[in-house]
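Participant: Have a look at the structure that comes next, please.
The values are calculated or read from the model by the stated rules, or taken from the named source; none is laboratory data. Fair warning: this is a prediction, and the values are worked out from it, not measured in the lab. Virtual Cβ from ideal backbone geometry, glycine too; neighbours counted across all protein chains shown. Remember, those area values only see protein heavy atoms, side chains included, never the ligands or the DNA or RNA. Shrake-Rupley method; radii C 1.70, N 1.55, O 1.52, S 1.80 Å.
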Amino acid sequence: MLLRALLSIPDVGQIDAFAEPWRRLYSQSPLLSTLILFGHLGGLLAAGGLTVAAERATLRLDPDNDADRRRHLADLAHLRTPVWTTFGVALLSGVLLFFADVEAFAASRIFWVKMLLVALLIVNTAVTARLDNALRCEGDGASCATEASARRWRRRRTGAVATAVLWFALVLVGAALASH
């Protein structure tokens, strides 16, 4: 089944042929290409900036203060929609940038490293979101001073560091990609 799925994936030439009308439009319109690039960079800036700032707050949080933890978890929940919206803009505009030069991006190792970082960032975000939900459920009870809760908060702090590292790595690799 996996082999059949792999064999059905179109090759780069097919994807490039499919994207040809978009590539022409993109290359002939400085306004459109500027707006797409802005959408990508602006989306990354907004999603990454909000996320790194929130993770900084996670790292500065006093893990022994129940009220602060509950307030912080509520803040993180409120940030989820703007972060995913702006990240979605970055992803959509990134797909449009990819289709503007399929052959160059598909052959670029730097591009694939960037895609790996994006995948790791999404997985890390899903893991930290699950931790946030578990911690929020714990916080609905009495005191959260259990060993399991302390362990979850340590894992959440590790996730916060991983998030920041992944965002900065994504920016670095994106800059490398833009310069090649």
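Participant: What does the accessible area per residue of the chain come to in Å², with a 1.4 Å probe and no ligands, DNA or RNA counted?
Facilitator: Working: 11090 Å² over 180 residues.
So the chain comes to 62 Å² accessible per residue, rounded to a whole number.
Participant: For V173, what charge total do you get from the other residues with a beta carbon under 11 Å from its beta carbon, if Lys and Arg give +1 and Asp and Glu give -1? Intermediate values should be presented prior to the final figure.
Facilitator: On the way: positive: R109, K114; negative: none.
Taking every Cβ under 11 Å from that of V173, the sum is +2.
Participant: Pop a pseudo-label 7 angstrom from the Cα along the beta-carbon direction at both L50 and D101 and give the gap in nm to one decimal.
Facilitator: About 2.9 nm separates the two model spin labels.
Participant: Oh, and also: Would you mind getting me the FRET efficiency between W22 and V127? Use the beta-carbon distance for r and R0 = 35 Å, nearest 0.05.
Facilitator: Details: r = 35 Å, r/R0 = 0.99.
E between W22 and V127, to the nearest 0.05, is 0.50.
Participant: Also, quick follow-up: Net charge near I36: determine it from the other residues with C-beta under 15 Å of the C-beta of I36, scoring Lys and Arg +1 and Asp and Glu -1. Intermediate results must be reported in sequence, preceding the final value.
Facilitator: Details: positive: R23, R24; negative: D101.
Within the 15 Å Cβ shell, the charges total +1.
Participant: What does the extension gain come out to for A169 and A67, with contour length at 0.36 nm per residue minus their alpha carbon separation?
Facilitator: On the way: separation 102, 0.36 × 102 = 36.72 nm, distance 3.33 nm.
Net length gain for the segment: 33.4 nm.
Participant: In the chain, what percent of the accessible surface is made up of carbon and sulfur (1.4 Å probe, ligands and nucleic acids excluded)?
Facilitator: Working: 7670 of 11090 Å².
In the chain, the share of accessible area belonging to carbon and sulfur is 69 percent.
Participant: From zero up to wherever the largest Cα-Cα distance of segment 62-122 sits, split into 10 Å bins and tell me the percent of pairs in each.
Facilitator: For segment 62-122, the pair-distance distribution reads 18, 33, 23, 16, 9, 1.
Participant: Could you check the spin-label model distance between A74 and L32? Points 7 Å from the Cα along Cα→Cβ, value in nm.
Facilitator: 4.7
Participant: Let me ask something additional. Equivalent-ellipsoid semi-axes (√(5λ), Cα gyration tensor) for segment 92-180, whole Å, largest first?
Facilitator: Values: eigenvalues 281, 31, 13 Å².
Ellipsoid half-lengths, sorted descending, are 37, 12, 8 Å.
Participant: Now a separate question. What net charge is computed for the residues neighbouring R151, neighbours being all others with C-beta under 13 Å from the C-beta of R151, Lys and Arg scored +1, Asp and Glu -1?
Facilitator: Numbers: positive: R152, R154, R155, R156, R157; negative: E138, E147.
Net charge in that neighbourhood comes out at +3.
Participant: Treating each Cα of the chain as an identical point scatterer and ignoring solvent, apply the Debye formula and state log10 I(q)/I(0) at q = 0.18 Å⁻¹.
Facilitator: Results for the chain at q = 0.18 Å⁻¹ read -1.12.
Participant: Find which of P30, L45, C137 sits farthest along the positive direction of the dipole of the chain, computed with +1 on the beta-carbon of Lys and Arg, -1 on that of Asp and Glu, about the Cα centre.
Facilitator: Most positive-ward Cα: C137.
Participant: Please name whichever of L170, A148, V118 sits farthest to the positive end of the charge dipole of segment 69-180, dipole taken about the Cα centre and charges placed at Cβ: Lys and Arg +1, Asp and Glu -1.
Facilitator: A148
Participant: Right, another one. At 0.36 nm per residue, and after removing the present C-alpha to C-alpha distance, how many nm does the segment from L92 to A178 gain when stretched out fully?
Facilitator: Numbers: separation 86, 0.36 × 86 = 30.96 nm, distance 1.76 nm.
Additional length available on full extension: 29.2 nm.
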